[in-house]
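Student: Dumping the structure here so I can ask a few things about it.
The values are calculated or read from the model by the stated rules, or taken from the named source; none is laboratory data. All figures in this text were calculated on a predicted structure; none of them were measured in a lab. Because the Cβ atoms are built from the backbone with ideal geometry, glycine has one as well, and the counts that use them run over all protein chains shown.
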Amino acid sequence: LAHGGGGKAMRDLIDDVFINAFSNSSLNTLEDQARFQLSDLAQYGDRLAMTTDSYVIDPIFFPGGDIGKLAICGTVNDLAVGGAKPLYLTCAMIIEEGMQVSTLKQIVQSMADTAKAAGVLIVTGDTKVVERGSCDKIFINTAGIGVIKKDYQLGVHKAQAHDRILVNGYLGDHGAAILNARGDMHLSSPIESDCAPLHELIEVLLNAAPNTRFIRDATRGGIASVINEIADASKCGIEIQETATPIRNEVKGFCEILGLDPLYLANEGKLVAVVPAAETAAALAAMRAHPLGRDAADIGYVLEDGRAGRVQMQTSFGGKRIVDMLVGEQLPRIC
Amino acid sequence: MSSHVINQEVRVKGTVQGVGFRPTVYRLALECQLHGEVSNDCDGVLIRVSGMDTKIKEFLNRLSVEAPPLAKIDSITHAVIERAWDYRDFSIRGSSHSAGRTDIAADAASCPQCLQEINDPNNRRYLYPFTNCTHCGPRLSIVNAIPYDRCHTSMHDFKLCATCAAEYRNPLDRRFHAQPTACHECGPRLFLSPDSPATSIDSAISPLSLIQRTQSILDVIQQALVEGKIIAIKGLGGFHLCCDASNHASVELLRQRKHRYAKPLALMAQDMSVVRSYCQVSEQEEQHLRSPAAPIVLLNRLVQADANFPALSSAIAPGSHLLGFMLAYTPLHHLICQRFGKALVMTSANLSGEPQITDNEEALEKLLRIHSANNESDTTDTEIADLVLYHDRPIANRIDDSVVRCHAFGVQVLRRARGYAPRSIALHSSFQEADQILAYGAELKSTFCLIKQGSAILSQHQGDLEDVKTCDDYEKNLTLFKNLFEFSPKHLACDLHPEYISTKLAQAQAQSKNLPLLGVQHHHAHIASAMAENGLSRTHAKALGIAFDGLGYGDNAELWGGEFLLADFCESHRVARLQPIALVGAAQAMLQPWRNAYAQIRNSMTWTTFQERYGTTKIAEFFEQQSLATIDRMLQAQVNCPLASSAGRLFDAVAAALDIHPDKVQFEGQAAITLESLVDQNYLAQLLRAKSTEPCYQIEVLNNPITQLYELNPAAMWPALLDDLNLQQSQSKIATRFHAALIQAVLKTVDLLRTQHRFNEVVLSGGCMQNEVLSTALQSAIQERGLVCITHHLVPANDGGIALGQAAIAAARIAKNALSTEIN
Ligand SMILES: [Fe+3]
Ligand SMILES: [Mg+2]
Ligand SMILES: [Zn+2]
Ligand SMILES: [Zn+2]
């Protein structure tokens, strides 16, 4: 790909790569904007949800996914954790000059496949090719619109004493897979990114546990950061159990060699849900019945007399250690 | 020379309240036939005396000599009063409480008089385990608030009996205003779990039967110790786990049950004869053992222990030539030790990582049986202690046993807690204006420090703040100290490390109270703490600070740990350092010494060279079993491999190469401590001699043109060290050569720096300076150069001293009105 104006060559590229892959009535008109009937949206609920995220990742292809899949899942998940049904996505790309058209096609196809599987439409987009060195291979931005069902009132400040903290499966897979892929770390057993759209699982979860307080996908900063955000916003203390926290042995081993704490590793298909104790069993059963929640676990609870904002972990040795929000990267504290 | 009647007002400052000071004044005044009065006030003790001037002189002389043992007099000033006074006698006036400077005393070991009483069958305190007086007993461990009166201590529920009350009110009694005073009848009592009819509290209804019950309890304890059982005993500042130190099976069992596999266990003895039968004890060491602080003193083991005493279990301090002994320091300890006669293991009772247990219920629940209630997969109960001996005097504040070590240049405090805290540390008079400064300290060996009216109050050792309970205790103690010292901070100081919990606590406090917060560089704080405790003036000229430790957050987010700083209290700048080497896996490199050996060796030679020349060494074999492909990729791709100029990691690297805990250390410094104990002092002296021809390793000192820093580079040492391994040289020889090389490189750096900078003092600080071989050799060589060598004596060289340094730096900067690194 060569960078440059918006002339014929670019138009051909867009036709060739994007329209073919994303093909839908809204996109095909190639207007400057996508247009929706409000009445169509209103059938799903009473509030719009809107989000945007930019995806930059090295490497752009990794075990379990690629930057295209990530760009769809990430935005779908950001809508879904708010209780919204994701409907429409935009897609803007910044491509470094010199990228193979075949590579681009592969990414775009992956986006199309993921969007189709997730039941969302990519309705408008933009593409820029920039000079070599101005970006790293490809940056993708997706924005999304979804509609929130009438009864859902999720909020990060809503956690209460005795609420349980649930996750939908093994933690840290994505972070470990990326580190491994990036550094060619010679992992003995391969770890795949957990990259997946979670809206279906969330629907199942919310149906089973309608009083769920809050859901968030545990992306950058891992579950440690999400749980800290909950503890801060809800002004409560939260305790998690090391032995109850699902982490694959491969990830544990990898983290041990690298000296990283898996609680802070990124996930792209994992959510943290705060569920009232009474609905926990139903929530877990429902999640476990879904392929993306098979290994769902109850990892902890909101303390009755905890320190506001403090997250602690009962370790397998019996002690309790503070699991704090990181200011920067993981940095040794031992003198 | 004629003598005549005069009036004098005498002011005594220091730790003079709650230590029996006024009764001493009273007695002396009576003996010197003086009239007047004595009272406590916000500045200490105020005495007014009328009498013959010669008698007053005698009184003043005797006052400083005969001051009660727990008093610490900072100053006595006196002035003649011209006004007429009309005192008909001498009296003690009740203290009126007002804000100001008064010191709370530290807990103190039982005094000789009290010990005599508990051993005298005719004394009413015969066998009473909580006997104390104004010269001894609990202080900080029982205080909840000020003023220091019984109602503000753990004793508030124990109403004095008539006899005790009379003693308490009698100015000539040793127990005059002894707040925790008690007897069988009115004071705290022992409890045993599991209980038996003979030891049950129901069995005791009269004072006589109370004594009998105590006897029965002591019998049970004695029997249990003989049988090799493990007993949890409630002491002054927390529970201990106790067993027969010569019963190897018991000691092993204790280690297993406590999951404490490596750290040395402390020992307790009844008297010096027991200590001497196992250890060399210098006069200085004996003084510390016998002092009211009664710390654990690290002593050199005798090569040949006294055959009249049973051999100690080899599991007490594996891999160390040192033993940590303390003498019994409460009446209860004395009663147990006297009966048992032999050395006891007396180690803090806690679950791994947690602080020492202080609470009865927690002790009964966790020590007698651990329930894994929150742990579904593991429902088995584990006993730690076969018996729990406790009492009903609550421990208000957890205080661990202090640890000290004596060497040629004085004493080093390794852990400053019971017996020392909260004694104030006098700063130079130029700090007089410094006030209301609070420093939050470091992280793992955390302490905090208040500066109030020019003197520094350092908290007792708190421990690792990542532990939830330790962190809670830290905050609780902070509140307590603020109350005890009537302190409301106006300036805060903390470390620069953004992830330290202490830093975050300080930031939260600064934000909520809108207070200025000063970030202090870790190694500058180390150096300043040594300068502060040695009484250097606030405006003292720059000294050369050598801070060797594990790791600290440096300028520009670098990781430091082997630094040469030109520093005064206000500022510091780095002039030399150890060469930075990758920490492979960051925090993991702290736990696994081999990672540091690997990084050092990779930095020194190619892998092919290493394999060709040193492929048959143990460490090479060890490397082969590690995931080297991944480790190499981490190094190449710089994944979690930050560079650090850490001295601690260099010690770890050398230790690992010598096959000392290469795989894992149980506590920071473990490998380095073993390495130190391998040093052959005679061989070291030979190596350090000016004209030594003995081959030694080279740690080069090179000027790095980019950083403009001298760098101590061990790259050239490694081939020589590995050659020695190939030649099957002894661990001792190699460890000694390494120490010599490091000492020589440090001295060479000092000499190079002297040609470029002006300084008269060299300050040694940081955890690695607890290495006696390193610090004593440096000290004598520095003094030989005509420089003053400043080291730690009152506060730890490790991170336990950081808070004092932070506070002193804050004070100096505030005074200079130059808050340069304000962070929010
Ligand atoms: Fe340090
Ligand atoms: Mg938090
Ligand atoms: Zn006494
Ligand atoms: Zn009494």
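Student: Quick check on B:Ala620: is it without any contact (Cβ under 8 Å) to a residue 60 or more places away in the chain and away from ligand 1 (no atom under 16 Å from the Cβ)?
Tutor: Criteria met by B:Ala620.
Student: A follow-up question, please. Restricting the search to region B:45-94, which residues are assigned to a strand (DSSP E or B) and among the small types (Gly, Ala, Ser)?
Tutor: B:Ser50, B:Gly51, B:Ser75, B:Ala79, B:Ser91
Student: B:Asp392 versus (1) within 20 Å of B:Glu533 (Cα to Cα); (2) modelled with pLDDT of 95 or more: which is the lone unmet condition?
Tutor: Unmet condition: (1).
Student: Something else now. Considering region B:133-161 alone, what residues qualify as being of a type in the set (A, V, I, L, M, F, W, C), touching a strand residue (DSSP E or B) at 6+ places or on another chain (Cβ under 8 Å) and part of a strand (DSSP E or B)?
Tutor: Within region B:133-161, B:Cys136, B:Val143 meet the criteria.
Student: Output the residue which, of all residues in region A:114-127 that are touching a residue at least 40 places away in the same chain (Cβ under 8 Å) and in a helix (DSSP H, G or I), is surrounded by the fewest Cβ atoms within 10 Å (Cβ to Cβ).
Tutor: Restricting to residues being touching a residue at least 40 places away in the same chain (Cβ under 8 Å) and in a helix (DSSP H, G or I), the top hit is A:Ala117.
Student: Let me ask something additional. Does region B:712-727 hold any residues that are crowded, with 21+ Cβ neighbours inside 10 Å and either in contact with a strand residue (DSSP E or B) (Cβ under 6 Å, 6 or more places away or on another chain) or small (Gly, Ala, Ser) (or both), and which are they?
Tutor: Within region B:712-727, B:Leu712 is the sole residue that qualifies.
Student: Within region B:439-474, restricting attention to residues that are facing another protein chain (nearest Cβ under 10 Å) and not in a helix (DSSP H, G or I), which residue is surrounded by the most Cβ atoms within 10 Å (Cβ to Cβ)? Lay out the reasoning, then the answer.
Tutor: Just the residues of region B:439-474 that are facing another protein chain (nearest Cβ under 10 Å), to begin with: B:442-445, B:464-472.
Then drop every residue that is not not in a helix (DSSP H, G or I), which leaves B:442-445, B:464-467.
Values: B:Ala442: 30, B:Glu443: 24, B:Leu444: 21, B:Lys445: 23, B:Asp464: 21, B:Leu465: 28, B:Glu466: 23, B:Asp467: 23.
The selected residue is B:Ala442.
Student: To continue, here is another question. Of the conditions (1) part of a loop (DSSP other than H, G, I, E, B); (2) out of contact with any Ser or Thr (no Cβ under 8 Å at 6 or more places or on another chain); (3) crowded, with 22+ Cβ neighbours inside 10 Å, B:Ile233 satisfies every one except a single condition; which number is it?
Tutor: The single condition B:Ile233 does not satisfy is (1).
Student: Checking the structure you have, find out if any residue of region B:89-104 is in contact with a His (Cβ under 9 Å, 6 or more places away or on another chain), within 13 Å of ligand 4 (Cβ to nearest atom), away from chain A (no Cβ under 14 Å) and touching a residue at least 12 places away in the same chain (Cβ under 8 Å).
Tutor: no
Student: Sticking with this one: Out of B:Arg139, B:Arg169, B:Arg125, which single residue is crowded, with 16+ Cβ neighbours inside 10 Å, of a type in the set (Lys, Arg) and either modelled with pLDDT under 95 or away from ligand 4 (no atom under 13 Å from the Cβ) (or both)?
Tutor: The conditions single out B:Arg139.
Student: A further question follows. Which ones in region A:313-323 are more than 30 Å from A:Val204 (Cβ to Cβ) and at the interface with chain B (Cβ under 7 Å from one of its Cβ atoms)?
Tutor: A:Phe317, A:Gly318, A:Gly319, A:Lys320, A:Arg321, A:Ile322
Student: Still on this structure: Exactly one condition in (1) surrounded by 23 or more Cβ atoms within 10 Å (Cβ to Cβ); (2) away from chain A (no Cβ under 12 Å) is false for B:Gly648; which is it?
Tutor: So B:Gly648 meets the others, but not (2).
Student: Have a look at B:Pro593, B:Pro498, B:Pro489, B:Pro516 and point out the one that is in contact with a helix residue (DSSP H, G or I) (Cβ under 9 Å, 6 or more places away or on another chain) and within 16 Å of ligand 2 (Cβ to nearest atom).
Tutor: The match here is B:Pro498.
Per-residue answers, yes or no, for (1) on the phi > 0 side of the Ramachandran plot; (2) within 16 Å of ligand 2 (Cβ to nearest atom); (3) more than 10 Å from chain B (Cβ to nearest Cβ); (4) of a type in the set (Lys, Arg):
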position: A:Ala233; (1), (2), (3), (4): no, yes, yes, no
position: A:Cys236; (1), (2), (3), (4): no, yes, yes, no
position: A:Leu258; (1), (2), (3), (4): no, no, no, no
position: A:Glu268; (1), (2), (3), (4): no, no, yes, no
position: A:Ala278; (1), (2), (3), (4): no, no, yes, no
position: A:Arg288; (1), (2), (3), (4): no, no, yes, yes
position: A:Leu292; (1), (2), (3), (4): no, no, yes, no
position: A:Ala308; (1), (2), (3), (4): no, yes, yes, no
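Student: Give, as residue ranges, the strands (runs of 3 or more DSSP E) completely inside region B:502-616 that count at least 1 residues that are within 14 Å of chain A (Cβ to nearest Cβ) and either surrounded by fewer than 24 Cβ atoms within 10 Å (Cβ to Cβ) or within 16 Å of ligand 1 (Cβ to nearest atom) (or both).
Tutor: In region B:502-616, the matching strands (runs of 3 or more DSSP E) lie at B:517-520, B:543-553, B:559-567.
Student: Can B:Met590 be described as in contact (Cβ under 8 Å) with a residue 60 or more places away in the chain, within 26 Å of B:Gln744 (Cα to Cα) and in the same structural domain as B:Gln806 (by TED's automatic domain parsing)? Quick ask: steps written out before the conclusion?
Tutor: On the way: in contact (Cβ under 8 Å) with a residue 60 or more places away in the chain: yes; within 26 Å of B:Gln744 (Cα to Cα): yes; in the same structural domain as B:Gln806 (by TED's automatic domain parsing): no.
Spelling it out, it is not the case that B:Met590 is in contact (Cβ under 8 Å) with a residue 60 or more places away in the chain, within 26 Å of B:Gln744 (Cα to Cα) and in the same structural domain as B:Gln806 (by TED's automatic domain parsing).
Student: Please name all residue pairs, on different chains or six or more residues apart, with Cβ atoms under 6 Å, provided the first residue is in region A:209-237 and is not assigned by TED's automatic domain parsing to the domain that holds A:Gly74 and the second residue is among the acidic types (Asp, Glu) and outside any loop (DSSP other than H, G, I, E, B).
Tutor: A:Ala209/A:Glu279; A:Asn211/A:Glu279
Student: For region B:475-501, give me each residue that is within 14 Å of another protein chain (Cβ to nearest Cβ) and touching a Lys or Arg at 6+ places or on another chain (Cβ under 8 Å).
Tutor: Once the filter is applied, which keeps residues that are within 14 Å of another protein chain (Cβ to nearest Cβ) and touching a Lys or Arg at 6+ places or on another chain (Cβ under 8 Å), region B:475-501 yields B:His497, B:Glu499, B:Tyr500.
Student: A follow-up question, please. In region B:617-638, which residues are more than 14 Å from chain A (Cβ to nearest Cβ) and part of a helix (DSSP H, G or I)? Show your work before the answer.
Tutor: Keep residues of region B:617-638 that are more than 14 Å from chain A (Cβ to nearest Cβ), which gives B:617-622, B:624.
Of everything in region B:617-638, those that are more than 14 Å from chain A (Cβ to nearest Cβ) and part of a helix (DSSP H, G or I) turn out to be B:Lys618, B:Ile619, B:Ala620, B:Glu621, B:Phe622, B:Glu624.
Student: Name every residue in region A:269-285 that is within 16 Å of A:Leu154 (Cβ to Cβ) and aliphatic (A, V, I, L, M), in order of residue number.
Tutor: A:Leu271, A:Val272, A:Ala273, A:Val274, A:Val275, A:Ala283, listed by residue number.
Student: Looking only at region A:299-306, decide whether some residue is surrounded by fewer than 19 Cβ atoms within 10 Å (Cβ to Cβ), within 11 Å of chain B (Cβ to nearest Cβ) and of a type in the set (Asp, Glu). Quick ask: steps written out before the conclusion?
Tutor: Of region A:299-306, the ones surrounded by fewer than 19 Cβ atoms within 10 Å (Cβ to Cβ) are A:303-305.
From what is left, the residues that are within 11 Å of chain B (Cβ to nearest Cβ) are A:303.
From what's left, of a type in the set (Asp, Glu): none.
No: region A:299-306 contains no residue that is surrounded by fewer than 19 Cβ atoms within 10 Å (Cβ to Cβ), within 11 Å of chain B (Cβ to nearest Cβ) and of a type in the set (Asp, Glu).
Student: Go through (1) over 41 Å from the mean Cα position of the chain (by Cα); (2) basic (Lys, Arg); (3) at pLDDT below 90 and name the single condition B:Lys55 misses.
Tutor: (3)
Student: A follow-up question, please. Among the residues of region A:173-203, which ones are in a loop (DSSP other than H, G, I, E, B) and away from every other protein chain (no Cβ under 14 Å)? Steps first, answer last, please.
Tutor: Initial filter on region A:173-203 (in a loop (DSSP other than H, G, I, E, B)): A:184-198.
Listed by number, the residues that qualify are A:Glu192, A:Ser193, A:Asp194, A:Cys195, A:Ala196, A:Pro197, A:Leu198.
Student: Evaluate the following for A:Leu326: is it in contact (Cβ under 8 Å) with a residue 12 or more places away in the chain, more than 10 Å from every other protein chain (Cβ to nearest Cβ) and more than 16 Å from ligand 3 (Cβ to nearest atom)?
Tutor: Criteria not met by A:Leu326.
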